[in-house]
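Please read the structure below before turning to the comments.
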Amino acid sequence: MTTRWLLAAVPVAIGLSWQEAPPAAVFIACLVSIVPLVGMIGDATERLAARLGPTLGGLLNSTLNNLPELIIGGVALSNGLAAVVKASLTGAILANLLVSLGVALITGGITHGEQRFDPKRLAVNGSMLMICAFCFIVPAMFSLGTSAETRDLSFEMSFVLIGMYVANVAVSLSGGSSGTSLPDDTPLEENHRPAAVWQSLLKLVIASACLGVVTEELSHALEPTARQLGLTTTFSGLVLLGGVGSLGEVLSGFHFARRGKPSLVLAATVGSTIQLVLLVAPLLVFAGQIMGQPMDLAFTGFEVVAIVLATIITRELIADGKANWFEGFLLLGVYLILAIGFFHLPG
């Protein structure tokens, strides 16, 4: 089912903002318009990936799937919403691990029965997930144990994370089996007709530019809308922004699971989460330094606990190398429990 008809919401959202409509109307229109734009970015990157071959294509597809999170986080950060940026990152991690993978396991389980994953790749992905969770624990513990600022700590840690990401890419491109950025050498898109590279690039640029404009208006409307609806800005950033930003991973996971490609499912969900932590989070910390915004990796205690729990539960459910639809259902249940907890968390 296509979401292209929702592109009509883009001019509606911009028009409502120019007319200074109620913030709730602007927020809802912007939120709806983000859905097809994220879908366009995912489609364009997948078509580019198909043209570049499985190795470079898989790397491009996995990396650019996180482009919406980077754009949303950068725009929100430029508006001084560092707490919302952290919430959206947390929401994206939870959505990737629990919603995207959960939907994929349910889809694959119903369509093909029990799904099996490559044990070596699964082990590496599981270890990388635990390292990613550890990256959020250190700043949180530092902020609890001392009154010192964590910006310098986060800035220095970001260089380490980027280094880990570069090393991961190097291993993947060199053909090593330990890289988590790429699936196996299965073509990403054999069902789509080939599109010219310039067409896919143009589509990617236009969708990214529109996403930046819409996100700018959404950021301005976020806080007044949250107050009007009785929601905290943390919940809005985590569930709404984080969920919408992860739409590409949800659609990719569903698509690959329906085609019976568990390696691609793992790359689109767990692999994308790893890149979100190793690449997007450090880039946003660097952006905060440039913009003079207090962006660091010291998330709230509940956010860190949620990330660690999601990481452990995901790792345990697929650790045996096989999964079924019921385990996907459990992942969705865990996400709902965490979302309810964030809903009742005081602002």
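One decimal place: the segment Ile110-Glu316 gains 72.0 nm when fully extended, by the rule 0.36 nm per residue minus the C-alpha distance. Placing +1 on each Lys and Arg Cβ and -1 on each Asp and Glu Cβ, with no other charges, gives the chain a dipole about its Cα centre of roughly 600 debye.
Along the axis of the charge dipole computed for the chain (Cβ charges of +1 for Lys and Arg, -1 for Asp and Glu, origin at the Cα centre), the listed residues Ala87, Ile106, Ala339 are led at the positive end by Ile106. In the chain, a dipole from Cβ-located charges (positive for Lys and Arg, negative for Asp and Glu) runs towards its positive end, and of Phe235, Ala8, Leu278 it is Ala8 whose Cα lies farthest in that direction.
Which of the peptides 240-250, 218-228 is most tightly packed, and how do the rest follow, judged by the mean count of other Cβ atoms within 10 Å per residue?
Top to bottom by mean Cβ count within 10 Å: 240-250, 218-228.
Listed by chain and number, the lysines placed with their C-alpha closer than 25 angstrom to that of Lys261 are Lys120, Lys322; residues fewer than eight positions away on the same chain are left out. Averaged over residues, the count of other Cβ atoms within 10 Å places the peptides 9-18, 334-343, 208-217 in the sequence 208-217, 9-18, 334-343, highest first.
Taken one residue at a time, the phi angles of region 24-29 give Karplus couplings (6.51, -1.76, 1.60, θ = phi - 60°) of 5, 5, 5, 4, 5, 5 Hz. Gly and Pro are set to x. Using a Gaussian network model of the chain in which every pair of alpha carbons under 10 angstrom is joined by a spring, one finds that among Asn96, Asn168, Asn66 the greatest mean-square fluctuation is at Asn168. From the coordinates of this entry, Cα extents along the principal axes in Å is computed, and it appears in (1) 59, 48, 45; (2) 50, 48, 37; (3) 68, 45, 38 under the label (2).
Only the coordinates and a few stated rules stand behind these numbers; no lab work does. Bear in mind the structure is a predicted one, so any value in this text is a computation, not a measurement. Positions of Cβ are generated from backbone atoms using ideal geometry, with glycine treated the same way; all protein chains shown enter the neighbour counts.
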